[in-house]
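The values are calculated or read from the model by the stated rules, or taken from the named source; none is laboratory data. The shown structure was predicted, so the numbers you read here are calculated from the model rather than taken from an experiment. Glycine gets a Cβ as well: all are built from the backbone with ideal geometry, and neighbour counts include every protein chain shown. Please note that ligands, DNA and RNA were not included when accessible areas were found on the heavy atoms of the full protein model with its side chains. Shrake-Rupley method; radii C 1.70, N 1.55, O 1.52, S 1.80 Å.
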Amino acid sequence: MRRLIAVAVACFILGLSLGSGTTRADLVDPAVSGVVALTLSSSHGVVALDEDGVIWRITDSGWTPNWMSPLPVPVSEVKLWQGEFFVTHDGTSWYYESPGNWESVGTWPGGTSAVRPTTWGALKAGYR
């Protein structure tokens, strides 16, 4: 029985070591790099938005600027940016319609969800 447990633990450890890869995440300081957002697009590869509103992508010759039309709003108004899609602070959603137009699709139909910060202890206390 002990041998069976030892084999099972060894297989589990081997599976974890073979199945896991190394991942690295770096914080990019916009004040130093000028990069505001970075995303991986299925159709365009790595795409970046800089503090001047220029949209960049990686090509065979390196970083290529201005391959999409400029944003229709200032970069300071962008709350969420995902390459061909972004949302402004007022909740307006935009998507990139090739070739060259940003199309507004209005605000999210579900509205906003009020979220109140809490602690794990307060959450547990609510169920006692």
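Condition check: out of contact with any Cys (no Cβ under 9 Å at 6 or more places or on another chain), of a type in the set (F, W, Y) and part of a strand (DSSP E or B). Does W67 satisfy that?
no
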Review point. Do we have S41 as open to solvent by less than 40 Å² (accessible area, probe 1.4 Å) and modelled with pLDDT of 70 or more here?
Key: yes
Check your understanding: If you take the residues in region 102-115 that are among the small types (G, A, S) and modelled with pLDDT of 85 or more, which one is surrounded by the fewest Cβ atoms within 10 Å (Cβ to Cβ)?
Key -> G106
Revision key, fill the gap. Within region 73-101, the residues that are open to solvent by 30 Å² or more (accessible area, probe 1.4 Å), in contact with a Phe, Trp or Tyr (Cβ under 9 Å, 6 or more places away or on another chain) and under 17 Å from S41 (Cα atoms) are L80, E84, F85, W94, Y95, Y96
Check your understanding: Among V54, V36, V75, which is the only one that is within 24 Å of W108 (Cα to Cα) and at pLDDT 85 or above?
Key -> V75
Point to revise | Filter pass, V47 being outside any loop (DSSP other than H, G, I, E, B) and without any contact (Cβ under 8 Å) to a residue 40 or more places away in the chain | key: yes
Revision key, fill the gap. Given the conditions (1) modelled with pLDDT under 85; (2) part of a helix (DSSP H, G or I); (3) under 30 Å from G110 (Cα atoms), every one holds for C11 apart from (3)
